[in-house]
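Written out below as structure tokens is the structure these notes cover.
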Amino acid sequence: MVVTVDLWETIAQEAAAESPIWAQALRPEAERDHEPVFSPLAEERYALGLETIYEGYLLHYGRPRLFSPHDDDTALLLGDYLYAHGLVRVAETGTVQAVAELAALISRCAQLRADGLPGDGEAWAETAAKLGEGREPDSVGTALAAHRRRVG
């Protein structure tokens, strides 16, 4: 799957337009990482929403690709904003089931993290694959490896 830079620019620009705090949290363009993690497993129409939600997840639990907030409170709020905005983007595709799957994923991963349990990467891969009916099944290993680099 080819993900264009426009996806990353859209996430960054829309967040920056929403709040000057989010704009200040953006990494300089040369330091942004445009690596898709789980969107290659899903249908292309979900890529923007899925990567937006995943960036929010990284702000909460890992190393974000586009943002570098100055404090934990900003990271938490920006992550929540990106969760919500990503779900809105998925809802715009007209699939309520996809929104439900992703909302359940966010909840499941938060519980795993709170309990100190592994399995969040596998949960992300499973959910993304449901959104693509296994579009690129050989990408699961690549996605999990990228996730481990970002989250540990």
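The values are calculated or read from the model by the stated rules, or taken from the named source; none is laboratory data. Since the model is a prediction, treat every value here as computed from it, not as a measurement. Please note: Cβ atoms are built from the backbone with ideal geometry, for glycine as well, and neighbour counts cover all protein chains shown. Just so you know, the surface numbers come from the protein's heavy atoms only, side chains and all, with ligands and any DNA or RNA stripped out. Shrake-Rupley method; radii C 1.70, N 1.55, O 1.52, S 1.80 Å.
Under 7 Å between Cβ atoms, at least 6 apart or on separate chains: pull out the pairs that start in segment 138-149 with a residue that is polar (S, T, N, Q) and end on any residue that is part of a helix (DSSP H, G or I).
Within 7 Å, the pairs are Ser139/Pro40; Ser139/Leu41.
Among the residues of segment 63-79, what is the count of those that are surrounded by fewer than 20 Cβ atoms within 10 Å (Cβ to Cβ) and of a type in the set (Gly, Ala, Ser)?
Residues meeting the conditions: 1.
Within segment 121-136, how many residues are modelled with pLDDT of 85 or more and open to solvent by 20 Å² or more (accessible area, probe 1.4 Å)?
Counting residues in segment 121-136 that are modelled with pLDDT of 85 or more and open to solvent by 20 Å² or more (accessible area, probe 1.4 Å) gives 4.
Among the residues of segment 29-50, is there at least one that is in contact with a Ser or Thr (Cβ under 7 Å, 6 or more places away or on another chain), among the hydroxyl-bearing types (Ser, Thr, Tyr) and surrounded by 23 or more Cβ atoms within 10 Å (Cβ to Cβ)?
Yes: segment 29-50 contains one or more residues that are in contact with a Ser or Thr (Cβ under 7 Å, 6 or more places away or on another chain), among the hydroxyl-bearing types (Ser, Thr, Tyr) and surrounded by 23 or more Cβ atoms within 10 Å (Cβ to Cβ).
Taking the condition of being open to solvent by 10 Å² or more (accessible area, probe 1.4 Å) and not in a loop (DSSP other than H, G, I, E, B), how many residues in segment 51-62 meet it?
So the count comes out to 3.
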